[in-house]
Ligand SMILES: [Zn+2]
């Protein structure tokens, strides 16, 4: 279990198992919510944002179990954001975001605007009250997760053919909009899938980082690769407050840094580490004889040395053309690069083995 007093994003995949949610033919809400939730979860991890997900398979997750799970993971921490993902039904078109009576509409608006920018019709952000008690939220996922900041996102209408097409083809674009909104809301540097953070400043000779305008401990952690916990520990910080010009030490005196060892940071997943190091996640698992994908903060992983070359994507390239050129397969390239989709961008670097 993650213990995080600062912040955490709980990605909730609505419905599951016997509870299909809304249905249109063989299109089930629970499948869409799982797909969108896994994507958001993986991307948040990639951005270094601590995240958990309520389900990763098509399993039953009834109300009480779901709430208990969220409560156990995130304690009564108002800094926690709960993103509950759903697909609408009942006639209508577009996306809407419901936010809690205890919250303002800022995050909800950022999310809806980004989904709109990704091509979906924007309906509205709103609060919905329980008819028998208007002081309470209508949706349990919002009501029972107080005092966390909870939003329920409806990506479109499953019983509207135009929306259904979009859900089939563009859902992950909307998901990326949600990821971007959360990063912006948290003031965490955002980058596109498969890219890395631009403008990483060089560490100074003494491994000291000077706090810049707009920095937070989280953004500094992302820039320097030193976890927030380590930053606080090394610098004897008792709160998350830092000031411009403040000098932060990045390592303890005399601490050796080995090149072929990676120390697990807060928020890491094996998948995120593999991306960070430009290696295959299976190689990382095998090389370290890991028997599960669970890792813990501070754990040391051996970095496998690999024979590989890099290919820079040119205009007109597709995964298929690149696979043909290097006499390999599309699946192999996707696996070696931990790609989330088959979309490539010009200038992107691919590992070829
Ligand atoms: Zn639903």
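The values are calculated or read from the model by the stated rules, or taken from the named source; none is laboratory data. Just so it is clear, the model here is predicted, and its values are computed rather than measured. Heads up, the Cβs are rebuilt from the backbone with ideal geometry, glycines too, and the neighbour counts pull from every protein chain shown.
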request  = Taking only segment 50-69 into account, find how many residues are in a helix (DSSP H, G or I) and at pLDDT below 90.
outcome  = 1
task = All but one of (1) under 28 Å from residue 276 (Cβ atoms); (2) over 19 Å from the mean Cα position of the chain (by Cα) hold for residue 158, so report the exception by its number.
result = (1)
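A quick yes/no check of all residues on (1) in the same structural domain as residue 164 (by TED's automatic domain parsing); (2) within 16 Å of the ligand (Cβ to nearest atom); (3) outside any helix (DSSP H, G or I); (4) more than 24 Å from residue 39 (Cα to Cα):
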| site | (1), (2), (3), (4) |
| --- | --- |
| 76 | yes, no, yes, yes |
| 86 | yes, yes, yes, no |
| 109 | yes, no, no, no |
| 147 | yes, no, yes, yes |
Residue that is farthest from the ligand (Cβ to nearest atom) [pool: residues in segment 61-74 that are within 22 Å of the chain's Cα centre (by Cα) and in contact (Cβ under 8 Å) with a residue 60 or more places away in the chain] = 72
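Okay, residues lined up against (1) closer than 30 Å to residue 170 by Cβ; (2) surrounded by 13 or more Cβ atoms within 10 Å (Cβ to Cβ):
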| position | (1), (2) |
| --- | --- |
| 279 | no, yes |
| 291 | no, no |
| 297 | no, yes |
| 300 | no, no |
| 305 | no, no |
| 326 | no, yes |
| 332 | yes, yes |
| 336 | yes, yes |
| 351 | yes, yes |
remark   = A careful count of residues in segment 20-49 that are more than 16 Å from the ligand (Cβ to nearest atom), surrounded by 20 or more Cβ atoms within 10 Å (Cβ to Cβ) and part of a loop (DSSP other than H, G, I, E, B) gives 3
task = Quickly run through segment 265-277 and pick out the residues that are surrounded by 18 or more Cβ atoms within 10 Å (Cβ to Cβ) and out of contact with any helix residue (DSSP H, G or I) (no Cβ under 7 Å at 6 or more places or on another chain).
result = 265, 268
